[in-house]
1. Using a Förster radius of 30 Å, what is the FRET efficiency between A22 and D51 based on their Cβ-Cβ separation? Nearest 0.05, please.
2. Once you charge only the Cβ atoms, +1 for Lys and Arg and -1 for Asp and Glu, what is the size of the charge dipole of the chain about its Cα centre, to the nearest 20 debye?
3. On alpha carbon coordinates alone, what is the Rg over Rh value for the stretch 64-147, Rh being the Kirkwood radius?
4. Which percent, to the nearest 5, of DSSP beta bridges fully inside the chain are antiparallel?
5. The stretch 1-59: which GluC sites (Glu not before Pro) are DSSP loop and have at most 15 other beta-carbon atoms within 10 angstrom?
6. Scaled to the compact-protein estimate 2.2 N^0.38 Å, what is the alpha-carbon radius of gyration of the stretch 1-70, rounded to two decimal places?
7. Could you derive backbone 3J(HN,Hα) for the stretch 59-75 from the dihedral phi with the Karplus parameters 6.51, -1.76 and 1.60 (θ = phi - 60°), listing whole Hz in sequence and x where the residue is Gly or Pro?
8. For the chain, which span is the longest to avoid every loop-located (per DSSP) member of chymotrypsin sites (Phe, Trp or Tyr not before Pro) having at most 16 other Cβ atoms inside 10 Å?
Amino acid sequence: MTDPLVEVVCARGHEHVSATHASTFEVTTDDWLTPAGDCILAVQADRAPRDFSPAFRDACATTDATITATVTVAGPAATHTETIVGRGDPGLDLLDDRSMVARTSAYTDDTRTILVDADAAAADFDRDLVEALAGGAPVELRLSVEP
């Protein structure tokens, strides 16, 4: 078995995080969020998919790849963690310079999708974690791919 390839993105929550979207979750490098952004978990990400290593991007571009997204939020009272598992796809080029989206469907867009067939979306996240995000807590998104 091959060791997983890992990419780590650091970001922050925002007062408008609601995490109510039923089929996706997103992290963005933007420093703002409107209330309509119901899939966005975090803003001010320090990296975007374009910054990921070529080896990581290549490993994600196969349907056999298992991609795990671990979201860790350091809230004021506790640290919260959610782990979402999906898969790769040949349509994942991971070249967006602004945002990354995990999807419960098999849909891939031109650059932003980081995993498909996820076993959870924003609406499935623990509400204590979401509350910490709405308070602006720091977020670590750890992406791991096993080819």
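1. Values: r = 29 Å, r/R0 = 0.96.
With R0 = 30 Å, the Cβ-Cβ based efficiency is 0.55.
2. Its charge dipole is roughly 100 debye.
3. A ratio of 1.00.
4. 90 percent
5. E15
6. Working: Rg = 14.0 Å, N = 70, 2.2 N^0.38 = 11.1 Å.
In units of the 2.2 N^0.38 Å rule of thumb, it is 1.27.
7. Along the stretch 59-75, the couplings run 5, 6, 8, 9, 5, 7, 6, 9, 10, 10, 10, 10, 9, 10, 10, 8, x Hz.
8. Between the exposed loop sites, the longest stretch runs 33-106.
Each value in this text was obtained by applying a stated rule to the coordinates, not by laboratory testing. Predicted, not measured: the structure shown is a model, and the values here were computed from it. For neighbour counting, all protein chains shown are included, and Cβ atoms are generated from backbone atoms with ideal geometry for every residue, glycine included.
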